[in-house]
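Have a look at the structure below, then the notes.
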Amino acid sequence: MSEDRMRMILFLSGSSAMLLFCLTPFLYMVIISLSGNPDFLSTKVSFEPNLDNYILILTNSTLHFPDYMLNSLIVSGMSALICVLTASLAAYAITRLPVPGKVFILLFVLAVSMFPQISLVGYLFKLMTNLGWINTYRALTLPYVAWILPLSLWILVSYFSQIPGELDKAALIDGCSRWQILIKVIFPVAAPGIFSTLLLAFIFAFNEFLFALMLTTDHGARTIPVGIASFQGLHGELPWGTIMAASTTATIPLLILTMVFQRRIIQGLTRGAVKG
């Protein structure tokens, strides 16, 4: 067997195993959500596909699933926009302006991001209680921005540093201010990196659980991960069909975003990692 053929077989085998490993939980979740008898611990599970669980989560007002989904979209969208805007300004200042101690600033941001969420949530709860922000969008947006900002900053600093400095010099010669250079030159050139960072920030905020659990009390501001975790039946049992249907529905928007903008995400991340 030739070396190229062996390499192709190994590549296909590894890719198939990885694909199966990643898709099996999702496929299992979809099957349970479509099953009329979603007791997966039973030895005799009858699979009769139906959409009853999906209809239930969308029509049953006691589950508040549409409210949870709307809260997640609003909080994640606001957090991602604020985070990327702040990170873009900081990345431009670090890569373009004579800021002393740039490396130490980046290392400090990285060090702060390493604190586990559980070590901060108690202080956040006390702060939000004193501000009267418990169970509001503000109570989630502020921690989400602080939590996602280090990742966004590092990605954009890596991307902005690959943009030639001659563009700034040419714009300064033409009479542009720093703000005009940032808006009219840097932002358009760095659009793929900014867009990919925005998507990643949105996904991180959309999937966050601990802050949403501790800083919300009901469907007024509670996000979808905590909302799904609070599903329970009449007698306290876990309605697996409903849970899986809600999880599948909540996963679909992220899958669509990733599939549609996959090329832009990869382009935005890899350009910042390759010089030139």
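The values are calculated or read from the model by the stated rules, or taken from the named source; none is laboratory data. What you see is a predicted model, and the numbers here were worked out from it, not measured in a lab. Neighbour counts run over all protein chains shown; Cβ positions are idealised from the backbone, glycine included.
A few points about this structure:
- Filter result for Val30 (at pLDDT 85 or above and either surrounded by 14 or more Cβ atoms within 10 Å (Cβ to Cβ) or in contact with a Ser or Thr (Cβ under 9 Å, 6 or more places away or on another chain) (or both)): yes
- Flag for Tyr68 being farther than 16 Å from Val145 by Cα, surrounded by 13 or more Cβ atoms within 10 Å (Cβ to Cβ), at pLDDT 90 or above and more than 22 Å from the chain's Cα centre (by Cα): no
- Subset of segment 226-252 that is within 14 Å of the chain's Cα centre (by Cα) and touching a residue at least 40 places away in the same chain (Cβ under 8 Å) - its residue that is surrounded by the most Cβ atoms within 10 Å (Cβ to Cβ): Ala250
- Residues in segment 155-182 that are among the hydrophobic types (A, V, I, L, M, F, W, C) and closer than 13 Å to Ala93 by Cα: Leu156, Val157, Phe160, Trp179, Ile181, Leu182.
- For segment 209-252, the set of residues classified as closer than 21 Å to Gln117 by Cα and aliphatic (A, V, I, L, M) consists of Leu210, Ala212, Leu213, Met214, Leu215, Ala221, Ile224, Val226, Ile228, Ala229, listed by residue number.
- Residue check for Ile194: of a type in the set (Val, Ile, Thr) and under 18 Å from the mean Cα position of the chain (by Cα): yes
- Flag if Ile194 is buried (at least 22 other Cβ atoms within 10 Å of the Cβ) and closer than 19 Å to Pro98 by Cα: no
- Every residue from segment 116-151 that is of a type in the set (D, E, K, R) and either under 21 Å from the mean Cα position of the chain (by Cα) or closer than 15 Å to Ala221 by Cα (or both): Arg138
- Selection count where residues are more than 11 Å from Phe65 (Cα to Cα) and either in a loop (DSSP other than H, G, I, E, B) or of a type in the set (Gly, Ala, Ser) (or both), scope segment 211-251: 16
- Of Leu107, Leu56, Leu63, Leu120, all but one fail to be closer than 30 Å to Met29 by Cα, at pLDDT below 90 and out of contact with any Phe, Trp or Tyr (no Cβ under 6 Å at 6 or more places or on another chain); the exception is Leu63.
- Of all residues in segment 83-104, those that are closer than 21 Å to Val189 by Cα, at pLDDT below 90 and either exposed (fewer than 14 other Cβ atoms within 10 Å of the Cβ) or within 18 Å of the chain's Cα centre (by Cα) (or both) total 1.
- The helices (runs of 4 or more DSSP H) found wholly in segment 92-183 and carrying at least 3 residues that are among the aromatic types (Phe, Trp, Tyr) occupy 137-160.
- For Ala80, the test of being under 19 Å from the mean Cα position of the chain (by Cα) and touching a residue at least 12 places away in the same chain (Cβ under 8 Å) is passed.
- The condition (being among the aromatic types (Phe, Trp, Tyr), over 30 Å from Thr249 (Cβ atoms) and touching a residue at least 60 places away in the same chain (Cβ under 8 Å)) is satisfied by just one residue among Tyr144, Tyr137, Tyr123, Tyr159: Tyr159.
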